[in-house]
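Novice: First, the structure itself, so that you have it in front of you.
The values are calculated or read from the model by the stated rules, or taken from the named source; none is laboratory data. Remember, it's a predicted structure, so these values are computed and weren't measured experimentally. Here Cβ is always computed from backbone atoms with ideal geometry, including for glycine, and neighbour counts include all displayed protein chains. Calculation scope for accessible area: heavy atoms of the full protein, side chains included, ligands and nucleic acids excluded. Shrake-Rupley method; radii C 1.70, N 1.55, O 1.52, S 1.80 Å.
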Amino acid sequence: HLDQMAAMFPIKKVLCGSRTRATAEKFADYARSKGFEVELPDDREEIAYGVDILASTIPHGKGDPPFLDCAKLRAGSFVGMVDLGNTFFPETFGAIDKMVTDDLEQSAPDGPEKMSWKRPFYGEIGDLCAGTKPGRESDEERNGVIFSGIGLGDVGPAALAFERARARGIGQVLTL
């Protein structure tokens, strides 16, 4: 997530937090290796409520209870809820102005993705990319994306693998 966000936004400083200090330090080392200024606050809430861009990625099935309040996110912030929203108290989801997902059918309350988000979605990521729905319309909007990481999560690594293979002159293009 950091690599992709840094490719789109002028990120200079990264706040790292995790359920364990060792994991936070490992991510901090990675961020430093990419040239970012890094801080490791002990309080995960301090991180979440003090940043413009937040990626919540607690592993599925760990049984961790929600601990973040969407209403306390900074005005104008963006949150990528890669953990199906499990990090956040569901009763605070109304504080998010626009939430998109990768697939409305899969993300619906009766769909196969078991997300905490039970509210209507603003649309799909594709709607924003195609320009059929406007993105951020105010500097104060709290916006986000929530997805299970299944299909959409494969796109980033697949694109990276493709670019690396192309740069090395290896691989084979298949005609479908």
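Novice: Counting only residues that are outside any loop (DSSP other than H, G, I, E, B) and among the hydroxyl-bearing types (S, T, Y), how many does the stretch 114-148 have?
Specialist: Within the stretch 114-148, the first condition is being outside any loop (DSSP other than H, G, I, E, B), and the residues that meet it are 123-130, 143-146.
Filter again for among the hydroxyl-bearing types (S, T, Y), leaving none.
Here the count works out to 0.
Novice: Pick from the stretch 49-61 the residues that are modelled with pLDDT of 90 or more and in a loop (DSSP other than H, G, I, E, B): which of them is surrounded by the most Cβ atoms within 10 Å (Cβ to Cβ)?
Specialist: Step by step, filter the stretch 49-61, then rank; the result is V51.
Novice: Here's something else I'd like to know. Mind listing just one residue for me: the one in the stretch 121-138 that is out of contact with any Lys or Arg (no Cβ under 8 Å at 6 or more places or on another chain) and hydroxyl-bearing (S, T, Y) and, of those, least open to solvent (accessible area, probe 1.4 Å)?
Specialist: Top of the filtered list is S138.
Let's see how each residue does on (1) modelled with pLDDT of 95 or more; (2) closer than 27 Å to E137 by Cα:
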{"position": "H1", "(1), (2)": "no, yes"}
{"position": "Q4", "(1), (2)": "no, yes"}
{"position": "R21", "(1), (2)": "no, no"}
{"position": "E37", "(1), (2)": "yes, no"}
{"position": "I47", "(1), (2)": "no, yes"}
{"position": "G63", "(1), (2)": "no, no"}
{"position": "C70", "(1), (2)": "yes, yes"}
{"position": "S77", "(1), (2)": "yes, yes"}
{"position": "G80", "(1), (2)": "no, yes"}
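Novice: A further question follows. Can you work out which of the residues in the stretch 84-117 that are open to solvent by 60 Å² or more (accessible area, probe 1.4 Å), modelled with pLDDT under 90 and more than 19 Å from I58 (Cα to Cα) is farthest from the chain's Cα centre (by Cα)?
Specialist: Looking at residues that are open to solvent by 60 Å² or more (accessible area, probe 1.4 Å), modelled with pLDDT under 90 and more than 19 Å from I58 (Cα to Cα), I get D110.
Matching residues to (1) of a type in the set (A, V, I, L, M); (2) more than 26 Å from I125 (Cβ to Cβ):
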{"residue": "R32", "(1), (2)": "no, yes"}
{"residue": "L40", "(1), (2)": "yes, yes"}
{"residue": "P65", "(1), (2)": "no, yes"}
{"residue": "D69", "(1), (2)": "no, no"}
